[in-house]
1. When only residues in the range 29-67 that are β-branched (Val, Ile, Thr) and over 20 Å from residue 14 (Cα atoms) count, which is least open to solvent (accessible area, probe 1.4 Å)?
2. So, in the range 57-82, exactly how many residues are over 23 Å from residue 112 (Cβ atoms) and within 14 Å of the chain's Cα centre (by Cα)?
3. Within the range 23-56, can you find the residues that are of a type outside the set (Lys, Arg), within 15 Å of the chain's Cα centre (by Cα) and assigned to a loop (DSSP other than H, G, I, E, B)?
4. Go through the range 73-82 residue by residue and tally those that are touching a residue at least 24 places away in the same chain (Cβ under 8 Å), open to solvent by 40 Å² or more (accessible area, probe 1.4 Å) and either more than 24 Å from residue 108 (Cα to Cα) or of a type outside the set (A, V, I, L, M, F, W, C) (or both).
5. Checking residue 77 against (1) within 17 Å of residue 23 (Cβ to Cβ); (2) at pLDDT below 70; (3) of a type in the set (Gly, Ala, Ser), which test does it fail?
Amino acid sequence: MATKNENPAPFMTVHPGMMIKPELVERGISQKDFAKMVGIQASHLSEVLNGKRALTTELAVKIEQSIGLPAKVLLAAQTQYELESANPASDSNEKETVSITIPVGDRNLLRELVRRFGWVGVF
């Protein structure tokens, strides 16, 4: 049973492409090959990975099916990124504090996100 975190931890919002790109490098999958795997043009994938294009639900599901990154986590990152980008107050140096609940099976992914992007997590 998941419990609610009463002390949310601050983290820096990143475009989901910043989460996917290092995963491809670590697995030795080229962007061109991965684009074929998920059925999109290599240029489209490049734009997503470089934060120039939003990650769609359809693409997030294909990514989950092909390399196992949870679509829910990727789409949550996309939504948070869009909210922060749309909010002019987010240009300040203040860190936003949010609380997210990650299913127990995805805790290792959260730990990896904390390690790679410097998020502060409470486990």
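The values are calculated or read from the model by the stated rules, or taken from the named source; none is laboratory data. These numbers come from a predicted model, not from an experiment. For neighbour counting, all protein chains shown are included, and Cβ atoms are generated from backbone atoms with ideal geometry for every residue, glycine included. Heavy atoms of the whole protein, side chains included, go into the accessibility calculation; ligands, DNA and RNA do not. Shrake-Rupley method; radii C 1.70, N 1.55, O 1.52, S 1.80 Å.
1. Taking the candidates together, the pick is 38.
2. Counting residues in the range 57-82 that are over 23 Å from residue 112 (Cβ atoms) and within 14 Å of the chain's Cα centre (by Cα) gives 0.
3. 50, 51, 54, 55, 56
4. Count: 2.
5. Going through (1) within 17 Å of residue 23 (Cβ to Cβ); (2) at pLDDT below 70; (3) of a type in the set (Gly, Ala, Ser) one by one, residue 77 breaks only (2).
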